[in-house]
Amino acid sequence: MTEEPRVSWGTSRARGVLAATILGSGMAMLDGTVVNVALPAIGAELGASMAGLQWILDGYLLTLAALILVGGALGDRYGRRRVFLVGVAWFGVASALCGAAPTTEVLVVARAAQGVGGALLTPGSLAILQSVFARGERATAIGAWSGLSGVATAVGPLVGGLLVQAWSWRLAFLVNLPVAAVTWWLTARHVPETRDESAAGRPDVLAAALGALGLAGLTGALVEAPVRGAGDPLVLAAGVVGVLALLWFGARQARSANPTVPPALFADRTFLLSNLTTFLVYAALGSIMVLLVVQLQISLGYAPTAAGLAGLPITVLMLLLSARSGRLAERVGPRWQLVVGPLVIAAGLLLLRFVEPGASYLTGVLPGVLVFGLGLATVVAPVTATVLAAAPDRYAGVASGVNNAVARTGTLLAVAVLPAVAGLSGAAYTDPAALTAGWRTALLVCAGMCALAGLVAWGVDNRVLAEAAVRPEPAEHEAAHPGECLCCGVEGPPTHLSPRGVGPGNA
């Protein structure tokens, strides 16, 4: 990694770096949720079925999840700021194409192009924070990033509602253009360039294509099976191609001398378990945020803006508590927050079962939303900081890419599977009775996933953030341990520095 002056918390440069990374990643996150509230309007104008609406969501998530690992690796190799800037520009152009789309099919293609831009900028934002902030301040910076970026996710339905009612669903995409311009300016002015100087070779394009093909095949099979039937030749072929492509991707990564995702990362138990926790939580989060705004509009008769406002308490809680949650995890360790947070989310999901026709906002909607938001604020910042702390610094971009890919893949698969599990297909989402029945089923499934996430997180090493804070810089470590080790690449003495501390117990 290039030697750059460390950015200190509270300085003007720190504020500039935070603003750039939060706006960039927030733009991608906002677009992932602002579209949710616009789905009924899009469906009405373009004549889209339930499968069409799923593809509008999954077209974006598909390329984002499939290419986000490549985005992280490109940043590590060629410069995190450079790749982040390319992603911002790409996302802005694709947003303009979405805003002008005349048909469902064109919109799906433009959304897939948006996902490519998101895959370039999203992992870069976290990798920039991890590489430019002083070690003892990274959890605080990531907490602030998680809270303010998470606000973009939660406020998306509100923004979408306002834009849809003000003119058209097309504004939900066109609003990204000025945001992209401001993000570009802030990044060019405040963010220092960093990269992994030891990275060699070129990104594995074939591996990226296999990952994209695998996810596309599985997603296509899961979305189209309720419409065409599980035995349909096209559905079967898509599923088989998807599975084979993902198996080939895994085998290629295991054999590669320069893999996109170093398999050694997953040898760390904390890295593995915190990513699994991320997958389960974000699968529940993504699918419920989609269904909530649709349930409020179709079954309870909310206007788009009112449906967006209904989730505003989540925004407030994330804004107030996420940075504090990150600092708490740094002081006492992240395990309890990773266990309790998903269980609180599960409780909030069960309370949301009262969101049904005739329910008032104060007694039917607000209690579940408050508990749900409290759980998110508890878990989001600590799980992100834990994933990054569990990986060697040289893999900051890759680790960020893995965590983002896991989160988006969880949402992608949940959006593809959950409507069918809940009995929603075709035009069933336009029927309040059918939608409410599916809503209740979906909440139970997602609450179960969150409860499982809490159990999984019990195995996370509670010392990971404290040990990462005192880990020496890579240059210092290589000087102290000539020859490579797990932190630097290959074997070393049994008492060398591991990714999470010193001593044979951590090697």
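The values are calculated or read from the model by the stated rules, or taken from the named source; none is laboratory data. What you are looking at is a predicted structure, and each value in this text was computed from that prediction instead of being measured. Please note: Cβ atoms are built from the backbone with ideal geometry, for glycine as well, and neighbour counts cover all protein chains shown.
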Does A41 satisfy the condition of being in a helix (DSSP H, G or I), touching a residue at least 24 places away in the same chain (Cβ under 8 Å) and among the hydrophobic types (A, V, I, L, M, F, W, C)?
yes
Taking segment 231-244 as the region of interest, how many residues are assigned to a loop (DSSP other than H, G, I, E, B) and surrounded by 13 or more Cβ atoms within 10 Å (Cβ to Cβ)?
1
Regarding segment 207-216, can at least one residue be identified that is outside any helix (DSSP H, G or I), touching a Lys or Arg at 6+ places or on another chain (Cβ under 8 Å) and surrounded by 16 or more Cβ atoms within 10 Å (Cβ to Cβ)?
no
Residue within segment 248-271 that is among the acidic types (D, E) and touching an Asp or Glu at 6+ places or on another chain (Cβ under 8 Å) present:
no
Qualifying position, being within 17 Å of the chain's Cα centre (by Cα) and outside the structural domain of A225 (by TED's automatic domain parsing), among L328, L272:
L272
Does G308 meet the test of being crowded, with 24+ Cβ neighbours inside 10 Å, under 22 Å from L412 (Cα atoms) and at pLDDT below 90?
yes
Taking the criterion of being modelled with pLDDT of 80 or more, surrounded by fewer than 20 Cβ atoms within 10 Å (Cβ to Cβ) and assigned by TED's automatic domain parsing to the domain that holds G115, would at least one residue in segment 245-267 satisfy it?
yes
Determine, yes or no, whether G286 is touching a helix residue (DSSP H, G or I) at 6+ places or on another chain (Cβ under 7 Å), farther than 30 Å from A207 by Cβ and in the same structural domain as L343 (by TED's automatic domain parsing).
no
Which number in (1) of a type in the set (D, E, K, R); (2) touching a residue at least 12 places away in the same chain (Cβ under 8 Å); (3) out of contact with any Gly (no Cβ under 7 Å at 6 or more places or on another chain) marks the one condition that R255 misses?
(2)
Determine whether W145 is buried (at least 20 other Cβ atoms within 10 Å of the Cβ), closer than 30 Å to E467 by Cα and of a type outside the set (A, V, I, L, M).
yes
Would you check if V108 is out of contact with any Phe, Trp or Tyr (no Cβ under 8 Å at 6 or more places or on another chain), surrounded by fewer than 24 Cβ atoms within 10 Å (Cβ to Cβ) and among the aliphatic types (A, V, I, L, M)?
no
Under 7 Å between Cβ atoms, which residue pairs at least 6 apart in sequence (or on different chains) link something in segment 52-78 that is in the same structural domain as A221 (by TED's automatic domain parsing) with a partner that is at pLDDT below 85?
none
Selection from segment 435-473 of residues that are in a helix (DSSP H, G or I) and at pLDDT below 85:
V464, L465, A466, E467, A468, A469
